[in-house]
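Down below is the structure, laid out as structure tokens.
The values are calculated or read from the model by the stated rules, or taken from the named source; none is laboratory data. Just so it is clear, the structure is predicted and the values come from calculations on it, not from any experiment. Note: ideal-geometry Cβ built from the backbone for every residue, glycine included; neighbour counts use all protein chains shown.
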């Protein structure tokens with residue numbers, strides 16, 4: 001027989017995985033709307049956003065209830081404080097999906113600027129980071145979590161590369177400016193999703209190893 | 001005589017206010033570096049970032065300790081769950097200050113593109129939102145918190161206005177593109193700080209009124 005608190009913790013894990021899967025799907029759909037030039041996919045993102053927002057409130061309430069009724073200890077307590085933060089990260093990933101969907105709808109009004117290769121690639125990387133961060137979270141797996149943190153650099157590099165390429169388009173042809181700007185902002189939104197996934201992974205490492213790796217590699221001031 | 005938990009809660013409030021004040025000062029310095037064209041101010045932002053990162057860890061630890069040792073109830077419990085989220089928001093505001101400082105250093109290598117009026121104005125609005133969100137938080141004042149949420153729209157409008165203006169600069173003169181892009185990204189960073197302040201204010205309203213205003217005005221899908 002299971003204790004009531006164990007059942008509640010199990011339900012919390014399930015809700016967070018569901019929330020992560022909604023967020024991941026939204027990012028995928030928002031980028032796919034752009035690639036296959038289908039605004040209906042972007043509109044699905046707006047609907048999922050509602051669902052994500054409701055689930056965020058339900059998860060916060062569940063965390064509060066477990067804390068209030070069961071006064072959990074040690075690892076459960078740490079898991080719940082992490083769940084509160086992860087929940088916010090997931091909701092903000094949903095916001096980024098909406099931002100991408102809005103930009104996609106704008107971009108679909110004009111002919112494509114260039115073949116889209118980097119953005120779907122970034123989206124794939126970012127979706128996988130998110131999925132792995134949540135897997136690491138529910139299984140308490142610091143090895144996967146560390147791998148997620150490492151992959152954040154790949155996304156940053158792709159974002160920088162795309163930024164430079166699109167700046168060149170802008171300088172060569174002023175008619176490209178609006179579309180290139182939208183693509184730059186989409187790339188930034190994806191880079192932010194990777195940051196959220198990295199935040200989740202850092203929390204996992206903290207939870208598992210009782211050790212905080214956040215801020216151990218503080219950014220160097222540029223020369 | 002005060003109970004131990006009351007003293008710990010008081011110290012938690014004090015730490016969060018200190019963290020908010022560091023974040024607010026960082027934003028101010030990063031923007032001032034740009035306005036008075038002094039890169040030393042930008043470098044101060046990098047140093048404060050370290051302090052903010054350390055304080056974030058200390059605040060999380062304090063929250064965990066209070067939860068573990070005192071199993072606080074009702075309003076204290078809600079305050080702590082909120083403190084965990086607010087703490088993350090404040091740390092990410094520190095990150096935005098670093099982003100602005102990095103862009104400022106880049107911009108100082110070139111002559112100014114235009115007189116800077118909107119960006120310092122946005123920075124002022126955003127710093128005040130942050131200050132008020134934290135005041136609302138420590139005093140449990142939902143009236144101030146609601147006012148912070150309303151002011152987010154003003155910041156969004158300024159950001160949109162500046163975006164359009166800078167896009168015009170880009171289209172008129174390709175030599176303006178790099179600098180205009182940097183200013184657009186700085187404006188976006190400030191807009192994100194306003195979002196974080198709004199998140200904090202929304203949590204305050206939830207805490208005070210036991211009612212969640214988040215997501216009650218979900219974004220409308222664009223036409």
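Out of the residues in segment B:148-164 meeting the condition of being in contact (Cβ under 8 Å) with a residue 40 or more places away in the chain and surrounded by 15 or more Cβ atoms within 10 Å (Cβ to Cβ), tell me which one is nearest to residue A:175 (Cα to Cα). Among those residues, the one meeting the criterion is B:162. Scanning segment B:199-212 for residues that are more than 12 Å from chain A (Cβ to nearest Cβ) and surrounded by 24 or more Cβ atoms within 10 Å (Cβ to Cβ) yields B:201, B:204.
Among the helices (runs of 4 or more DSSP H) confined to segment B:1-114, the ones with at least 1 residues that are within 11 Å of another protein chain (Cβ to nearest Cβ) are located at B:39-70, B:74-107.
The set of residues in segment B:165-177 that are in contact with a helix residue (DSSP H, G or I) (Cβ under 7 Å, 6 or more places away or on another chain) and either closer than 14 Å to residue B:119 by Cβ or touching a residue at least 40 places away in the same chain (Cβ under 8 Å) (or both) comprises B:166, B:169, B:176.
Scanning segment A:155-181 for residues that are under 20 Å from residue B:160 (Cβ atoms) and away from every other protein chain (no Cβ under 11 Å) gives a single hit, A:179.
Among the residues examined, residue A:143 qualifies as free of Cβ contacts under 8 Å to residues at least 12 places away in the same chain and assigned to a helix (DSSP H, G or I). Please work out if residue A:141 is under 30 Å from residue A:10 (Cβ atoms) and within 10 Å of chain B (Cβ to nearest Cβ). No; evaluated as a whole, the condition is false for this residue.
All told, residue B:131 falls short of being modelled with pLDDT of 95 or more and outside any helix (DSSP H, G or I).
When we screen A:102, A:91, A:49, A:44 for residues that are without any contact (Cβ under 8 Å) to a residue 24 or more places away in the chain and under 21 Å from residue A:126 (Cα atoms), the only hit is A:44.
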